[in-house]
Amino acid sequence: MGGKIALGCGGLVLLVLAVLGLTVMGSYNSLNSLDQAVGSQWGQVENVYQRRADLVPNLVATVKGAAAFEKETFTAVTEARAKVGQVTLGKVLNSPEELARFQAAQEGLGSALGRLMVVVEKYPDLKATQNFRDLQAQLEGTENRIAVERMRFNEAARAFNTRRNSFPTVLVAGFFGDRFRDKAYFKAQPGAEKAPTVAF
């Protein structure tokens with residue numbers, strides 16, 4: 001009789017271990033899958049930002065020809081583009097601080113490009129050239145893509161973070177240390193909640 005009880009307890013222990021093992025394996029696999037989705041979406045974010053960075057030299061060269069004395073603006077654009085290249089991309093996904101640095105560098109480039117477009121307003125002949133119009137249309141399209149890809153990245157990060165912080169997955173994630181850290185989100189620029197002032 002004692003042997004049957006021991007055998008029954010042994011079977012119960014094996015069943016509990018099997019369920020626990022399957023739970024851990026399922027949690028790990030779902031975290032890994034969502035982590036890969038975040039990484040893939042981050043690749044798309046990098047891709048559209050790289051497209052913008054690649055357009056900048058052509059845009060600057062086109063504008064320089066018509067506005068050669070606007071040196072300060074061209075320097076600001078060039079320096080902002082260089083700062084974008086200095087951010088270590090490999091660390092951005094798992095570090096809110098690095099993501100903030102990346103975002104600040106990209107916002108700096110966006111601001112410098114905005115100043116460049118203000119300079120262009122002074123030169124109607126430049127705005128009329130087909131080459132400039134093509135570059136401007138590509139840049140506008142790229143800015144729209146950036147907004148879309150950032151939104152999709154935030155959605156992928158939210159899905160990962162939600163799963164990662166759900167019980168019992170949070171226990172599994174904690175066991176693997178930094179492998180499954182929470183993902184940071186892109187945030188709006190400071191002051192974006194205020195409507196811009198338009199003066200005529």
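The values are calculated or read from the model by the stated rules, or taken from the named source; none is laboratory data. From a predicted model like this one, the values you see are computed outputs, not experimental measurements. A quick note on method: Cβ atoms are made from the backbone with ideal geometry, for glycine too, and the neighbour counts reach across all protein chains shown.
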Matching residues in segment 145-183 - criterion: being surrounded by 13 or more Cβ atoms within 10 Å (Cβ to Cβ), without any contact (Cβ under 8 Å) to a residue 60 or more places away in the chain and in contact with an Asp or Glu (Cβ under 9 Å, 6 or more places away or on another chain): ASN161
Checked ALA128, ALA61, ALA137 against criteria (at pLDDT below 80 and either of a type in the set (Gly, Ala, Ser) or buried (at least 17 other Cβ atoms within 10 Å of the Cβ) (or both)); the one match is ALA128
If we keep just the residues of segment 43-56 that are more than 16 Å from GLY110 (Cβ to Cβ) and in contact with a Lys or Arg (Cβ under 9 Å, 6 or more places away or on another chain), which is surrounded by the fewest Cβ atoms within 10 Å (Cβ to Cβ)? ASN47
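Listed here are the residues, each with its yes/no results for (1) touching a Lys or Arg at 6+ places or on another chain (Cβ under 9 Å); (2) at pLDDT 85 or above; (3) within 29 Å of LEU31 (Cβ to Cβ).
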site	(1), (2), (3)
GLN103	yes, yes, yes
VAL119	no, no, no
MET151	no, yes, yes
GLU193	no, no, no
Against the conditions (1) surrounded by fewer than 17 Cβ atoms within 10 Å (Cβ to Cβ); (2) within 30 Å of ASP178 (Cβ to Cβ); (3) in contact (Cβ under 8 Å) with a residue 24 or more places away in the chain; (4) small (Gly, Ala, Ser), where does SER111 fall short? Just the number, please. (2)
Only one residue in ALA184, ALA188, ALA173 is small (Gly, Ala, Ser), touching a Ser or Thr at 6+ places or on another chain (Cβ under 8 Å) and not in a helix (DSSP H, G or I). Which one? ALA184
Check off (1) assigned to a helix (DSSP H, G or I); (2) surrounded by fewer than 16 Cβ atoms within 10 Å (Cβ to Cβ); (3) modelled with pLDDT of 85 or more for THR142 and give me the number that stays unchecked. (2)
